[in-house]
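Reading through the structure tokens given below for one structure.
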Amino acid sequence: MPSSPFAHVCLLVKDLDQAVADWTRILSVLDPEQLREPIVKYDDFSGGADQGMRWATFVANHGSEIQLIQPAPGTPLGARLEKFGEHVHHLCFTTPDVPGAMAQLAEKGLELASGGQTYQDEGMPWQRWGWVSHKSAHGVLLEIASPYESRGDGKWHSAVASAPAPPDKA
């Protein structure tokens with residue numbers, strides 16, 4: 001699990017295998033710690049309009065991670081990649097209370113994407129996430145997600161038990 005609530009930077013890429021190879025070379029020089037654990041990789045996202053995307057994340061137990069997504073053709077993310085090319089897609093922050101954080105962000109006047117809806121992955125039922133619109137974050141889409149961790153098996157697991165408690169609202 002990343003060492004802070006700022007979990008990862010996600011890049012939209014055309015060729016996941018090439019992007020993993022390129023970022024492996026980059027990280028071997030700039031942050032070799034992210035190469036110590038197996039990459040977390042999913043070859044077929046199972047839900048929503050972007051079903052079929054492939055993604056991989058370099059694990060960083062000491063800081064923010066690099067995540068790479070290759071969308072499937074004919075999906076909303078695939079159309080975005082075709083229109084804009086490879087680019088930063090989002091920044092991810094984690095919290096043990098995704099719906100509560102989304103409500104607080106809305107109360108503070110931030111525009112939430114998809115009407116503030118939170119999502120759940122069929123393959124990771126513990127994982128929840130939602131989106132803060134790029135319009136409220138100076139052009140950057142923000143993902144708000146449940147804390148996650150790697151256990152060295154190339155998959156994500158819930159880290160809610162080890163996550164810090166939410167701040168007192170007093």
Inset, instruction - For the stretch 34-48, enumerate the residues that are assigned to a helix (DSSP H, G or I) and in contact (Cβ under 8 Å) with a residue 60 or more places away in the chain. - result: none
Inset, instruction - Might you let me know whether the stretch 9-22 holds any residue that is open to solvent by 40 Å² or more (accessible area, probe 1.4 Å), over 21 Å from R151 (Cβ atoms) and not in a helix (DSSP H, G or I)? - result: yes
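Of the residues D31, D121, which single one is open to solvent by 30 Å² or more (accessible area, probe 1.4 Å), out of contact with any Pro (no Cβ under 8 Å at 6 or more places or on another chain) and charged (D, E, K, R)? Steps first, please.
Values: D121 fails: open to solvent by 30 Å² or more (accessible area, probe 1.4 Å).
Being open to solvent by 30 Å² or more (accessible area, probe 1.4 Å), out of contact with any Pro (no Cβ under 8 Å at 6 or more places or on another chain) and charged (D, E, K, R) holds for just one of D31, D121, which is D31.
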Inset, instruction - Count, please, the residues in the stretch 82-113 that happen to be touching a Ser or Thr at 6+ places or on another chain (Cβ under 9 Å) and part of a helix (DSSP H, G or I). - result: 6
Inset, instruction - Looking only at the stretch 49-81, count how many residues are under 24 Å from Q120 (Cβ atoms), open to solvent by less than 60 Å² (accessible area, probe 1.4 Å) and assigned to a loop (DSSP other than H, G, I, E, B). - result: 8
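The values are calculated or read from the model by the stated rules, or taken from the named source; none is laboratory data. From a predicted model like this one, the values you see are computed outputs, not experimental measurements. Positions of Cβ are generated from backbone atoms using ideal geometry, with glycine treated the same way; all protein chains shown enter the neighbour counts. Side chains included, ligands, DNA and RNA excluded: accessible areas come from the protein's heavy atoms. Shrake-Rupley method; radii C 1.70, N 1.55, O 1.52, S 1.80 Å.
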